[in-house]
Amino acid sequence: MHAHIAEAVKKPDLISLAPDLACLRFETMKVYSALGAVRHLLESGTVRPGDTLVDSSSGIYAQALALACHRYGMKCHIVGSTTVDRSTRVQLEILGATLEQVAPSRDLRLDQETRVRRVAEILAAHPSYHWMRQYHDDIHYHGYREVADELDAELPAGPLTLVGGVGSGASTGALATYLRAAGRDVSLVGVQPFGSVTFGSEHVADPDMIIAGIGSAIAFGNVRHELYDRVHWVNFDSAVSGAVALLRTSGIFAGLSAGAAHLAARWERLRDTSRTAVFIAADTGHRYVDSAYARHRQAADIDTLKPHEITSLDALRHPWSTTSWPPAGR
């Protein structure tokens with residue numbers, strides 16, 4: 001029996017899509033990150049029960065931190081993007097977390113900078129608050145050790161290709177780190193949207209990009225670039241096609257980052273048939289129904305899609321590009 005809903009909801013499902021292809025499907029992945037971080041802060045004495053934890057979020061982390069604070073008797077304040085949907089807003093309110101959303105912006109960089117600037121203002125006014133720094137503090141790696149142990153135990157012996165959205169770097173980076181420490185041969189493949197500075201695609205815009213959680217318009221301190229072996233940049237339309245195909249063929253209803261990771265994992269599986277490919281579905285598809293899934297009739301057949309193999313970031317182009325990391329031409 002679980003002591004708290006957060007302990008139950010964090011558990012992922014490992015689903016076989018083919019003998020050498022699996023999906024690690026979460027209801028909300030960052031609960032692992034938030035629970036592990038808050039627990040570590042309490043055990044180290046950095047914070048105490050009743051303290052207020054603050055951070056910015058585009059949606060998933062907000063719910064995760066609110067649940068972690070509820071679990072450990074903390075207060076929670078979120079500076080949210082406009083992408084925080086009504087369902088999440090209502091849950092945060094009932095859980096006792098406070099949310100303030102920044103002004104709407106079509107510019108991801110402006111949105112992220114505005115949120116971080118607002119957090120700084122809050123900390124200046126309330127010095128006792130603790131900033132979780134989900135984008136910069138590697139304390140968020142801790143929670144994923146348990147997931148890595150479960151993957152190591154459940155997956156067939158042999159080399160793995162792990163594919164997932166990069167975002168803050170904590171999920172993919174931590175899983176690869178712990179699996180490698182356990183002796184696994186792991187090729188780590190990061191998925192990015194165009195326009196993200198993390199792996200140098202800021203010069204290629206994607207106006208329809210709404211998967212902000214896997215990219216960054218500002219530098220993230222948590223991303224350890226040396227951990228990654230390959231990177232895929234996937235645009236909005238291709239991510240929608242990947243997500244629709246995933247639902248149609250497997251019944252897995254997941255977010256756009258999962259659609260992008262699905263495409264990348266299928267491609268990496270073709271590149272190296274000696275490895276088992278596992279891709280991460282970080283959240284469910286509910287908040288993407290109107291913006292993405294409603295377009296399912298226009299989704300491309302993913303068997304017709306393939307990436308541009310590039311050797312220089314100058315060659316990045318829509319709808320999908322990939323390269324070894326770092327690129328040979330860098």
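See the values below:
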| item | result |
| --- | --- |
| Complete set of residues in the range 145-184 that are among the hydroxyl-bearing types (Ser, Thr, Tyr), modelled with pLDDT under 95 and over 25 Å from residue 201 (Cβ atoms) | none |
| Odd one out for residue 275 among (1) at pLDDT below 95; (2) in contact with a Leu (Cβ under 9 Å, 6 or more places away or on another chain); (3) under 23 Å from residue 155 (Cα atoms); (4) not aromatic (Phe, Trp, Tyr) | (1) |
| Odd one out for residue 129 among (1) surrounded by 14 or more Cβ atoms within 10 Å (Cβ to Cβ); (2) under 21 Å from the mean Cα position of the chain (by Cα); (3) of a type outside the set (A, V, I, L, M, F, W, C) | (2) |
| Scan of the range 270-284 for residues that are in contact (Cβ under 8 Å) with a residue 40 or more places away in the chain, out of contact with any Pro (no Cβ under 7 Å at 6 or more places or on another chain) and surrounded by fewer than 20 Cβ atoms within 10 Å (Cβ to Cβ), ordered by number | 272, 273, 284 |
| Whichever residue in the range 217-245 is assigned to a helix (DSSP H, G or I) and hydroxyl-bearing (Ser, Thr, Tyr) and, among such residues, is surrounded by the most Cβ atoms within 10 Å (Cβ to Cβ) | 241 |
| Filter pass, residue 287 being surrounded by fewer than 21 Cβ atoms within 10 Å (Cβ to Cβ), part of a helix (DSSP H, G or I) and of a type outside the set (Val, Ile, Thr) | yes |
| Residues located in the range 116-137, provided they are of a type in the set (Asp, Glu) and either in a loop (DSSP other than H, G, I, E, B) or not assigned by TED's automatic domain parsing to the domain that holds residue 52 (or both) | 137 |
| Residue under evaluation residue 95, criteria (1) in contact with a His (Cβ under 9 Å, 6 or more places away or on another chain); (2) within 26 Å of residue 203 (Cα to Cα); (3) not charged (D, E, K, R), criterion not met | (2) |
| In the range 145-192, residue surrounded by the most Cβ atoms within 10 Å (Cβ to Cβ) [restricted to those that are among the acidic types (Asp, Glu) and part of a helix (DSSP H, G or I)] | 152 |
| Residues being among the basic types (Lys, Arg) and either free of Cβ contacts under 8 Å to residues at least 12 places away in the same chain or out of contact with any strand residue (DSSP E or B) (no Cβ under 7 Å at 6 or more places or on another chain) (or both) - total across the range 306-330 | 2 |
| Residue within the range 192-208 that is closer than 23 Å to residue 31 by Cβ, among the hydrophobic types (A, V, I, L, M, F, W, C), out of contact with any Cys (no Cβ under 9 Å at 6 or more places or on another chain) and in contact (Cβ under 8 Å) with a residue 40 or more places away in the chain present | no |
| Yes/no for residue 18 being among the small types (Gly, Ala, Ser) and within 18 Å of the chain's Cα centre (by Cα) | no |
| Failed item in (1) without any contact (Cβ under 8 Å) to a residue 40 or more places away in the chain; (2) under 21 Å from residue 196 (Cβ atoms), with residue 95 passing the rest | (2) |
| Only one of 314, 283 that is in contact with a Ser or Thr (Cβ under 7 Å, 6 or more places away or on another chain) and either closer than 30 Å to residue 185 by Cα or not assigned by TED's automatic domain parsing to the domain that holds residue 85 (or both) | 283 |
| Looking only at the range 200-216, and only at residues there that are part of a loop (DSSP other than H, G, I, E, B) and under 23 Å from residue 23 (Cβ atoms), the one that is modelled with the lowest pLDDT | 210 |
| Subset of the range 290-321 [of a type in the set (Gly, Ala, Ser) and either over 22 Å from the mean Cα position of the chain (by Cα) or surrounded by 19 or more Cβ atoms within 10 Å (Cβ to Cβ) (or both)] | 292, 294, 299, 300, 312, 315, 321 |
| Residues of the range 28-65 that turn out to be among the charged types (D, E, K, R) and surrounded by fewer than 17 Cβ atoms within 10 Å (Cβ to Cβ), as a count | 3 |
| Meets criteria (assigned by TED's automatic domain parsing to the domain that holds residue 309, aromatic (Phe, Trp, Tyr), at pLDDT below 95 and under 22 Å from residue 293 (Cα atoms)) for residue 220 | no |
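The values are calculated or read from the model by the stated rules, or taken from the named source; none is laboratory data. If you're wondering where the values come from, they're calculated on a predicted model, not measured in any experiment. All Cβ positions, even for glycine, are placed from backbone atoms using ideal geometry, and neighbour counts span all protein chains on display.
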